[in-house]
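J.: This is the structure I have questions about; it appears just below.
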Amino acid sequence: MRRAGLGEGAPQGNYVARGHNVYEEENEHLQEDLRAKVNALKHLSIDIGNEVKYQNKMLGEMDTDFDSTGGLLGATMGRLKLLSRGSQTKIYCYMLLFALFVFIVLYWVIKLR
């Protein structure tokens, strides 16, 4: 019994060639998917690198700001120590009380708005 495409007279490599083409098409499809994923990862890693550079720059600026603030606070504490040792402590105490009074008045004015 002869079936269509089978048996005598049919080309022998026809089924093998069709199977090979199916595998080739599947491989090409998988290759394109892989290429798209690799491209997405590449862009993601570039974006992460840019973000890291930006964050490092910001951290450097913050470090500089904190250093200058630390120096300013150190100088202020040194002045306060000199004030507490000096003979004009009474005058500075009045100035501190006046500044506290001004801050309280400003707080009430802002709170009432």
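J.: Given (1) of a type in the set (S, T, Y); (2) modelled with pLDDT of 90 or more; (3) in contact with a Leu (Cβ under 9 Å, 6 or more places away or on another chain), identify the lone condition not met by S45.
T.: Only one criterion is unmet by S45, namely (3).
J.: A further question on this structure: Tell me the residue from G71, G60 that is at pLDDT below 90 and open to solvent by less than 100 Å² (accessible area, probe 1.4 Å), please.
T.: Matching residue, one of G71, G60: G71.
J.: Something else about it: Filter region 74-112 down to residues that are open to solvent by less than 100 Å² (accessible area, probe 1.4 Å), out of contact with any Leu (no Cβ under 9 Å at 6 or more places or on another chain) and of a type in the set (S, T, N, Q), then give me how many there are.
T.: 3
The values are calculated or read from the model by the stated rules, or taken from the named source; none is laboratory data. Every value quoted in this text rests on a predicted model; they were computed, and no experiment measured them. Positions of Cβ are generated from backbone atoms using ideal geometry, with glycine treated the same way; all protein chains shown enter the neighbour counts. Heads up: the accessible areas ignore ligands, DNA and RNA and are worked out on the full protein's heavy atoms, side chains in. Shrake-Rupley method; radii C 1.70, N 1.55, O 1.52, S 1.80 Å.
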